[in-house]
1. Under the 0.36 nm per residue contour assumption, what length would be gained going from the current alpha-carbon distance of residue 104 and residue 42 to full extension?
2. Extension gain residue 181-residue 197, at 0.36 nm per residue separation less the Cα-Cα distance, in nm?
3. So between residue 145 and residue 209, what do we pick up on full extension, going 0.36 nm a residue minus the alpha carbon distance?
4. Tell me, 137, 116 in order of fewest to most beta-carbon neighbours within 10 Å?
5. Per DSSP H run of n ≥ 4, the term is -39500 (n - 2.57); total these for the chain, divide by its residue number, and report the mean residue ellipticity at 222 nm rounded to 500 deg cm²/dmol.
6. At each listed q (0.21 Å⁻¹), what is the log10 of I(q)/I(0) that the Debye formula gives for the range 113-264 modelled as equal alpha-carbon point scatterers?
7. What is the order of 145, 263, 158, fewest Cβ neighbours within 10 Å to most?
8. If you line up the long axis of helix 234-246 against the longest principal axis of the chain, both from Cα atoms, how many degrees apart are they, to the nearest 10?
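Each value in this text was obtained by applying a stated rule to the coordinates, not by laboratory testing. Every value quoted in this text rests on a predicted model; they were computed, and no experiment measured them. Every residue, glycine as well, gets a Cβ built from its backbone with ideal geometry; the counts of neighbours run over all protein chains shown.
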Ligand SMILES: Cc1cc2nc3c(=O)[nH]c(=O)nc-3n(C[C@H](O)[C@H](O)[C@H](O)COP(=O)(O)OP(=O)(O)OC[C@H]3O[C@@H](n4cnc5c(N)ncnc54)[C@H](O)[C@@H]3O)c2cc1C
């Protein structure tokens with residue numbers, strides 16, 4: 001993992017420009033960065049915005065990104081893939097502190113607490129960079145005030161790809177704002193699908209086999225108390241929906257809260 005915080009060269013001011021304040025590289029495929037926050041930007045933890053860079057043609061090259069920082073944070077944080085030939089991330093992965101990104105301040109999304117009916121246990125189910133909206137929600141006191149237990153399942157191919165989420169989750173009990181709220185409420189179940197690790201396998205398999213419930217010593221899914229938020233690849237989202245629906249949970253939205261909500265982590 002490498003951190004960059006030193007100011008770098010100045011770039012011309014862009015429309016909706018925000019300045020990058022720090023960059024952390026986790027693997028050759030994953031990095032996170034923080035940037036200034038527009039004073040006027042209000043968002044609900046879990047929402048996404050359009051961010052990007054100016055394209056060679058002079059037009060903004062924008063992509064959807066979950067805001068990984070909580071709604072109270074003075075700065076914004078993003079957690080990103082590096083797609084080798086990706087129009088945006090082949091360039092964004094080289095961003096340095098002091099340089100600018102474009103941010104359209106129109107947050108939207110369904111992974112918000114308001115889109116769920118009241119419940120006791122909240123499941124955060126993520127693959128890959130799908131952990132980003134949960135990085136926001138996990139640092140929001142409202143999440144811990146609303147739920148008695150929060151269970152984070154994050155699956156990646158290799159252990160190093162879990163580092164961003166693991167660092168964040170393990171730091172929560174020491175967080176001055178929410179540490180006491182988190183106390184005994186947090187359960188973390190990171191899994192790998194390729195590399196050997198303590199917990200192996202896909203989230204769907206670990207739920208349908210009952211392994212996650214046995215390992216954590218908790219009761220199976222119950223629509224009366226369980227709420228779930230899902231963020232992963234399209235294939236994962238479709239598979240996990242079947243698991244949740246068969247357990248009796250139904251899909252919610254901002255306009256009609258229910259037992260679970262889903263967002264794509266990226267478009268295939
Ligand atoms: C609602 C929403 C929220 C998103 N939030 C994030 C986020 O927080 N962090 C993030 O890194 N990306 C996120 N994305 C994906 C993001 O919008 C871009 O696709 C990504 O930054 C790559 O951009 P690109 O221009 O380099 O390549 P693109 O042309 O956009 O993508 C090229 C290909 O790369 C693959 N790909 C793209 N993004 C990912 C990814 N995140 N993980 C694995 N494979 C991927 C897909 O196969 C895609 O077809 C989100 C997408 C949506 C729809």
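1. Numbers: separation 62, 0.36 × 62 = 22.32 nm, distance 1.21 nm.
So the extension gain works out to 21.1 nm.
2. Values: separation 16, 0.36 × 16 = 5.76 nm, distance 2.92 nm.
Gain on extension, residue 181 to residue 197, equals 2.8 nm.
3. Numbers: separation 64, 0.36 × 64 = 23.04 nm, distance 3.06 nm.
Extending this stretch completely gives an extra 20.0 nm.
4. Working: 137 25, 116 21.
Final ranking by Cβ density, sparse to dense: 116, 137.
5. Details: 8 runs with 55 residues, N = 268.
Here the helix-only value at 222 nm equals -5000 deg cm²/dmol.
6. -1.53
7. Details: 145 10, 263 22, 158 15.
So the residues, fewest neighbours to most, are 145, 158, 263.
8. Taking Cα atoms only, the helix is inclined about 30 degrees.
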